[in-house]
1. Filter the GluC sites (Glu not before Pro) in segment 90-145 to those in DSSP coil with at most 15 other Cβ atoms within 10 Å of their Cβ, and list the result.
2. Only helical DSSP H runs with n ≥ 4 go in: add -39500 (n - 2.57) per run for the chain, normalise by residue count and round the 222 nm mean residue ellipticity to 500 deg cm²/dmol.
3. Find the Cα radius of gyration of segment 65-135, compare it with 2.2 N^0.38 Å by division, and give the number to two decimals.
4. Based on a Kirkwood Rh over C-alpha pairs, give the Stokes-Einstein translational diffusion coefficient of segment 111-161 at 20 °C and viscosity 1.002 mPa s in µm²/s.
5. Stick to Cα atoms and the Kirkwood definition of Rh, then tell me Rg/Rh for the chain.
6. Between Gly37, Gly63, Gly102, find the one with the highest GNM mean-square fluctuation for the chain; connect C-alpha pairs within less than 10 Å.
7. Relative contact order for the chain using alpha-carbon pairs under 8 Å, separation at least 6, rounded to a whole percent?
8. On full extension of the chain, what length is gained from Ser46 through Thr34, given 0.36 nm per residue of separation minus the C-alpha to C-alpha distance?
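Read-outs: derived from the displayed coordinates by stated rules, not from any lab. Only a predicted model underlies this, so the values are computations on that prediction, with no experimental measurement involved. Note that each Cβ is placed from the backbone with ideal geometry, even for glycine, and that neighbours are counted across all protein chains shown.
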Amino acid sequence: MAVEIERKYVLDGPPPAEVLATAASYAIEQTYLTAEGGSRRVRRRSGPDGVRHWLTEKRALGGISREEIEREIDEAEYRRLLGEADAQSGTILKTRHVLEHGHQTLEVDVFAAPPGLVLLEVELESEDEAVELPAWATGARDVSDDPAYANASLARQLGRA
């Protein structure tokens, strides 16, 4: 079992073009599957390393920590698992930009669905690890404890749209 500890921030907009030019960028399609007692999702990611697929299961542990079990899957298993998609959820479409900032890795998600949303995520070693955001992260608002900004919640909002 792996533990994911993550801070999440809503931004006013994406980073400037000169910052994005230094990032590894990936197109992501994320579909939530039926699950009990947590969340299950499949992800299709296209980027510099080609097209890859993952199955991820998460369960809240408390605070900003979650149990996370993730494994890479092949396209056939990905397509099969799409048959278990949660009928109440839509598919999240986003571009993820991965940037190094100090000793931390920042993941900036610019959403096409839901449109206009920009989230910055930082994975941490502990819940009390400090996060220093870059100057371009204007209007950053910490939403780590707000369940409305969990990707599973965003997918359910898309399903109701």
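1. Glu125, Glu127, Glu129, Glu132
2. -3500 deg cm²/dmol
3. For segment 65-135, the normalised Cα radius of gyration comes out at 1.41.
4. Value of D from the Cα-based Kirkwood radius: 167 µm²/s.
5. My calculation of the ratio gives 0.94.
6. Sorting by GNM fluctuation, first place goes to Gly37.
7. 32 percent
8. In short, 1.9 nm is gained.
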